[in-house]
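Where a number appears in this text, it was derived from the coordinates with a stated rule and is not lab data. What you see is a predicted model, and the numbers here were worked out from it, not measured in a lab. Positions of Cβ are generated from backbone atoms using ideal geometry, with glycine treated the same way; all protein chains shown enter the neighbour counts.
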């Protein structure tokens, strides 16, 4: 039997629709601007549908060889960086989730973690450390300074605390070592928490651009976000002398507003593709399958 739709249900539905639309409005506007011509965008005529549709901004990016190189640089950075983040986060969160009687120096490590959350080393000291270690202009300069995301460690640590002790005790009785308990019990049933911190790590590495500016000198090693941030619309007459008529037309059809909008859209697409595959872990229950006492 179907539930009757009440006035309250309608009001809640309208409210949720307005909330969703308010979140989508900026994205739809950005997409529309990126596909519009420079005049319409500059005059503020573009709202949620492209005006005088053209692909000039996207052609300018995708026709660049550097764009493809930087794209794969960012993919490599995400794969390497997230792998390191996840491994170190799991190995650090597991012992910290134990009782102080089991892990005697837990309080000392917790204070160290809290201090690092409140006070950072600073840009200049971090730069000097990276330089002194010979990591400049390498992928390691982008992934090692943030190898242990402390916030993620605390999230996972609190999640591990909620895992029934009966599971661990049963495994220990069967002769499992602490490392086996971690990888065969804690990790498999912690998929929602691991998916959450993995998403945080993916977004963090993919969107990072400033570290590429200060640590990477070679254009062939630039991550995508750093390269995109360096792109500008240059309408210098001296530069346009060496352009073909098609290139000049493309530049004239593109403004900084449409170009920057295209940058944003290109940056969003990979994350939007990944998110649906991870989303299911946010709504799933955790610790399925109770342990008989």
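Averaging 1/r over every pair of different alpha carbons in segment 77-124 and inverting the result gives a Kirkwood radius of 12.6 Å.
Calculated mean residue ellipticity, 222 nm, the chain: -20500 deg cm²/dmol, from DSSP H runs (n ≥ 4) at -39500 (n - 2.57) each, averaged per residue and rounded to 500.
At full extension, residue 172 and residue 119 could sit 15.2 nm farther apart than now, given 0.36 nm per residue minus the alpha carbon distance.
To the nearest ten degrees, helix 191-207 and the longest principal axis of the Cα atoms of the chain are 30 degrees apart.
If you run the Gaussian network model on the chain, springs between alpha carbon atoms under 10 Å, then out of 207, 52, 85 the most flexible one is 52.
So what's the angle, to the nearest 10 degrees on a 0 to 90 scale, between helix 256-283 and the longest Cα principal axis of the chain? Once rounded, the angle reads 20 degrees. Taking packing as the residue-averaged number of other Cβ atoms within 10 angstrom, the listed peptides 188-195, 171-178 run from highest to lowest as 188-195, 171-178.
Scan [x] 52; [y] 32; [z] 37 for the value of percent of Cα pairs over 30 Å apart calculated from this model and give just the label. Checking each listed value against the structure points to [x]. Between the beta carbons of residue 75 and residue 165, assuming R0 = 35 Å, the FRET efficiency works out to 0.30 to the nearest 0.05. Rg and Dmax, both from the Cα atoms of segment 79-232 and both in Å, are 18.4, 64. The relative contact order of the chain, computed from alpha carbon pairs under 8 Å that lie at least 6 residues apart in sequence, is 29 percent.
Comparing Cα centroids, segment 28-63 and segment 113-178 end up 42 angstrom apart. For the pair residue 131 and residue 105, label points projected 7 Å from Cα toward Cβ lie 3.3 nm apart.
Could you tell me how many degrees, from 0 to 90 and to the nearest 10, lie between the Cα long axis of helix 106-118 and the main elongation axis, the longest principal axis, of the Cα atoms of the chain? On a 0 to 90 degree scale, this one is about 20.
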